[in-house]
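Asks: I'd like to ask you about the structure that follows.
The values are calculated or read from the model by the stated rules, or taken from the named source; none is laboratory data. Quick caveat, the model's predicted, so the values are computed rather than measured. Heads up, the Cβs are rebuilt from the backbone with ideal geometry, glycines too, and the neighbour counts pull from every protein chain shown. The accessibility values were calculated without ligands, DNA or RNA, using every heavy atom of the protein model including side chains. Shrake-Rupley method; radii C 1.70, N 1.55, O 1.52, S 1.80 Å.
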Amino acid sequence: MKIEYLKLYSSNLEKQKEFYGDLLGLAIKSKSEKSFQVQIGYSVLEFEEKERATNYHIAFHIPARQEEQALEWLLQRTMILKDGDDSIVDFPGWKAKSVYFYDADKNIVEFISRRHYFQEESNLFSEKSIVGISEIGLATDDVEEKFRFLNSNCGLQKFTGDYERFCATGDDEGLFIVINKNMKDWIPTGDKAFASPFKIMFSVEQASYQVGFQNDRLELL
């Protein structure tokens, strides 16, 4: 599952544009009074202005085994969200390590480095090293329902989880992190999860899909 486009909503559009464009140094692809798009590797991330937008969890791929370099790069720009005393969070079952931070909207953003994916081309880390969007968090009242929708309409498979509290849906290249918002919060901070709306475009093998999430409902667009 390759995430090619993701649209989120922001109550702090100008600060978000400064964060992604000026602080992280990512290319602003287009902008208007009500929205802007930023290039994230092979993906496009769009923010549209919305009053009282609620928070998200999103993740970006970085090259294999570059979590230490990414951590040092981020420490020069923003605060790191730790898991206890750990600045780098290990996911041995996923063969991955992650670093977390807030953007200007206090969305929880993750850099994830998978051991067997996206081999590094350079020892140096910069904004140009970010490969693409890896994950979007989907907080809901019904985890199994959302999995069944993505499975039956888009052919996505369960990556890991139990259908009750948590079900990562997709594959190493791209995932919906589906959680029960009444039973689970976002790691590593424990921030409350909201059913925040989004629009997404992704491809699975040769097929492309557009999906919207709003009012705790998924639909094909």
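Asks: Of everything in region 3-55, what is among the β-branched types (V, I, T), within 18 Å of F111 (Cβ to Cβ) and over 16 Å from the mean Cα position of the chain (by Cα)? Give them in sequence order.
Replies: Listed by number, the list is empty, since nothing qualifies.
Asks: Sticking with this one: Return yes when K146 is over 15 Å from the mean Cα position of the chain (by Cα) and part of a loop (DSSP other than H, G, I, E, B) and no when it is not.
Replies: In short, no.
Asks: Just one of R165, R115, R148 is surrounded by fewer than 20 Cβ atoms within 10 Å (Cβ to Cβ), under 22 Å from T54 (Cα atoms) and out of contact with any Asp or Glu (no Cβ under 6 Å at 6 or more places or on another chain); which is it?
Replies: The match here is R165.
Asks: Can you name every residue in region 14-55 that is among the aromatic types (F, W, Y) and touching a Gly at 6+ places or on another chain (Cβ under 6 Å)?
Replies: Y42
Asks: Which members of region 2-29 meet the condition of being modelled with pLDDT of 95 or more, assigned to a strand (DSSP E or B) and out of contact with any Pro (no Cβ under 8 Å at 6 or more places or on another chain)?
Replies: Hits for region 2-29 are K2, I3, E4, Y5, L6, K7, L8, S10, I28.
Asks: Enumerate the strands (runs of 3 or more DSSP E) found wholly within region 67-129, keeping only those where 3 or more residues are in contact (Cβ under 8 Å) with a residue 40 or more places away in the chain and in contact with a Ser or Thr (Cβ under 9 Å, 6 or more places away or on another chain).
Replies: Here the list reads 108-114.
Asks: Name every residue in region 1-30 that is touching a Ser or Thr at 6+ places or on another chain (Cβ under 7 Å) and among the acidic types (D, E), in order of residue number.
Replies: E4 - this is the single residue of region 1-30 that is touching a Ser or Thr at 6+ places or on another chain (Cβ under 7 Å) and among the acidic types (D, E).
Asks: How do the pairs read when you match residues in region 196-210 that are farther than 12 Å from N153 by Cα with residues anywhere that are open to solvent by less than 80 Å² (accessible area, probe 1.4 Å) and part of a loop (DSSP other than H, G, I, E, B), using Cβ under 8 Å and keeping only pairs 6 or more apart or on different chains?
Replies: S196/A53; S196/T54; S196/N55; S196/Y56; F198/Y56; F202/M1; S203/M1
Asks: Any idea which of (1) crowded, with 19+ Cβ neighbours inside 10 Å; (2) assigned to a strand (DSSP E or B) is the one F159 doesn't satisfy?
Replies: Unmet condition: (1).
Asks: Any chance you could count how many residues in region 3-41 are hydrophobic (A, V, I, L, M, F, W, C), open to solvent by 40 Å² or more (accessible area, probe 1.4 Å) and either more than 19 Å from F125 (Cβ to Cβ) or touching a strand residue (DSSP E or B) at 6+ places or on another chain (Cβ under 8 Å) (or both)?
Replies: Qualifying residue count for the region: 2.
Asks: Mind checking which residues of region 171-213 are among the small types (G, A, S), closer than 26 Å to Q119 by Cα and open to solvent by 10 Å² or more (accessible area, probe 1.4 Å)?
Replies: S203, A207, S208
Asks: Something else: In the list I136, I88, which residue meets the criterion of being buried (at least 21 other Cβ atoms within 10 Å of the Cβ) and either within 18 Å of H57 (Cα to Cα) or modelled with pLDDT of 95 or more (or both)?
Replies: I136
Asks: Follow-up. Return the only residue of D191, D185 being under 16 Å from the mean Cα position of the chain (by Cα), free of Cβ contacts under 8 Å to residues at least 12 places away in the same chain and within 19 Å of I108 (Cβ to Cβ).
Replies: Residue meeting the stated conditions: D185.
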